[in-house]
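Report on the structure given below.
The numbers here are math on the coordinates, done by the rules we state, and not lab data. Everything quoted here is computed from the prediction, not taken from an experiment. Neighbour counts are summed over all protein chains in view; Cβ atoms, including those assigned to glycine, are modelled from backbone coordinates with ideal geometry.
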Amino acid sequence: MLEVNNLKKYFHISKNQLLKAVDGVSFSVEKGKTLGLVGESGCGKTTVGRTIIRLYDADGGKVLFKGKEIHKLNKSQYKEFTKEMQMIFQDPYSSLNPRKTVEAIVGEGLDIHKLYSSKEERRKRIYELLDMVGLNKEHANRFPHEFSGGQRQRIGIARALSVNPEFIVCDEAISALDVSIQAQIINLLINLQKELNLTYLFIAHDLSMVRYISDEVAVMYLGKIVEKTDSEDLFLNPMHPYTKGLIRAVPMPDPESERNRVHDLLAGEVPSPLNPPEGCRFYKRCSFRKEICNLQEPTLKAIGNNHLVACHMVHSLSW
Ligand SMILES: Nc1ncnc2c1ncn2[C@@H]1O[C@H](COP(=O)(O)OP(=O)(O)OP(=O)(O)O)[C@@H](O)[C@H]1O
Ligand SMILES: [Mg+2]
């Protein structure tokens, strides 16, 4: 359904400064499946999402959606595409217009794409959408500030669903919420996926929920994918030192395991994408680095079934 090929997105910060936010990212997502995209803040996840839905032009590579190159669509093809692919945003507080009622927010897509033939039909569809996300018609005339964070995210989901999309980019759809509410929203997204045969790109910096919703997970570091494999495999058998560090950074529910957890694999901070290191981008923070890692950038290589890793030392690591 979606194929992303060597995608690049650079920001011109000043006359001679180029920030390589996304620097050669490739992946694909099959219909009805979820790809999780994870990594620390600033590694380029949102930029990938925004470039895929063409909120940004790409500086290289291509994005194919159902075989069509989306950065080459003309105006009317693009309008059609915006119906098929929707995005749910990070912050449920700023992504809903505070001056509009829920009915107006959810109905906007219906208006733009003329998806009803009468006022009645429009209203009926809005009530149906609210019902699908666990809200009800009493909520339709209220404003976003009258809702909790979780409810606002439900409004955002109803808005995305209004145009019957096939693909949804969920950008940190749950990060701003309490853990118990996160689980509710994840379950809602999983149920909607089954019911409507939706395909998701699920972006998150916290791995704990990603595991439950994703079929596959890609790990990003400083504008590149460093590891990609099936969701279970990633958690049971992480290969890249960065992935290992990310997984160990997730707190354990059991106090005994939590005490024994190694916390120090992710020392230091992500370097600036303005001047990324020449060799492996993770070099400075890696406990397993050798000279070659500083000299030569590792490429993504297949290690086992559907498991890709970009690390020179992958065969000599012992954990
Ligand atoms: N519009 C922009 N102009 C300039 N630089 C940008 C812009 N958007 C993002 N960046 C930079 O690109 C890099 C990637 O940012 P991005 O928002 O994609 O990261 P992210 O992985 O989504 O982070 P987070 O987890 O904090 O949401 C960062 O260094 C960021 O500062
Ligand atoms: Mg982001």
Fill in the blank from the handout: Connecting every pair of Cα atoms under 10 Å apart in the chain and solving the GNM, the largest mean-square fluctuation among 26, 208, 94 falls on 94
Fill in the blank from the handout: Shape descriptors of region 2-271 over alpha-carbon atoms, Rg and Dmax in angstrom, are 19.3, 62
Problem - Neighbour cut-off at most 11 other Cβ (10 Å), DSSP loop, GluC sites (Glu not before Pro), region 268-313 - result: 269, 278
Handout entry: Top of 98, 271, 241 by mean-square fluctuation, Gaussian network on the chain, Cα under 10 Å
Key = 98
Fill in the blank from the handout: Summing -39500 (n - 2.57) over every DSSP H run of at least 4 residues in the chain and dividing by its residue count gives a helix-only mean residue ellipticity at 222 nm, to the nearest 500 deg cm²/dmol, of -9500 deg cm²/dmol
Exercise for the section: Work out the charge dipole of region 2-271 with +1 on the Cβ of Lys and Arg and -1 on the Cβ of Asp and Glu about the Cα centre, then indicate which of 212, 247, 167 is farthest towards its positive end. Expected result: 167
Handout entry: Whole-Å distance, taken between Cα centres, linking region 90-111 and region 1-46
Key = 27 Å
Fill in the blank from the handout: For region 2-271, percent of DSSP beta bridges that are antiparallel (nearest 5) comes out at 55 percent
Problem - the chain - Cys residues lacking any other Cys C-beta under 4.7 Å - result: 43, 170, 286, 311
Exercise for the section: With unit charges on the beta carbon (Lys/Arg positive, Asp/Glu negative), name the residue among 117, 296, 271 whose Cα is farthest towards the positive pole of the charge dipole of the chain. Expected result: 117
Fill in the blank from the handout: In the structure shown, of 114/228; 20/114; 20/194; 9/79; 33/224; 45/72, the pairs separated by more than 32 angstrom at the C-alpha atoms are 114/228; 20/114; 20/194
Completion exercise
Listed residues 79, 33, 228; largest mean-square fluctuation, Gaussian network over the chain with Cα springs below 10 Å, found at 79
Exercise for the section: Enumerate the calculated ³J(HN,Hα) couplings along region 193-208 in order (Karplus 6.51 cos²θ - 1.76 cosθ + 1.60, θ = phi - 60°), each rounded to whole Hz, writing x wherever the residue is Gly or Pro. Expected result: 4, 5, 5, 10, 6, 7, 10, 10, 9, 10, 9, 7, 9, 9, 7, 4
Completion exercise
Residue by residue through region 213-219, the couplings from Karplus 6.51 cos²θ - 1.76 cosθ + 1.60 with θ = phi - 60°, in Hz, x for Gly and Pro, are 9, 8, 7, 10, 10, 10, 9
Problem - Karplus-derived 3J(HN,Hα), 6.51/-1.76/1.60, for each residue of region 276-287, Hz, glycine and proline x - result: x, x, 5, x, 5, 5, 9, 3, 4, 9, 8, 7
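Using a/c under 1.5 as the rounded threshold, could you call region 73-127 rounded, prolate or oblate? The axes a ≥ b ≥ c are square roots of the C-alpha gyration tensor eigenvalues, and prolate needs a/b larger than b/c, oblate otherwise.
Verdict is oblate for region 73-127.
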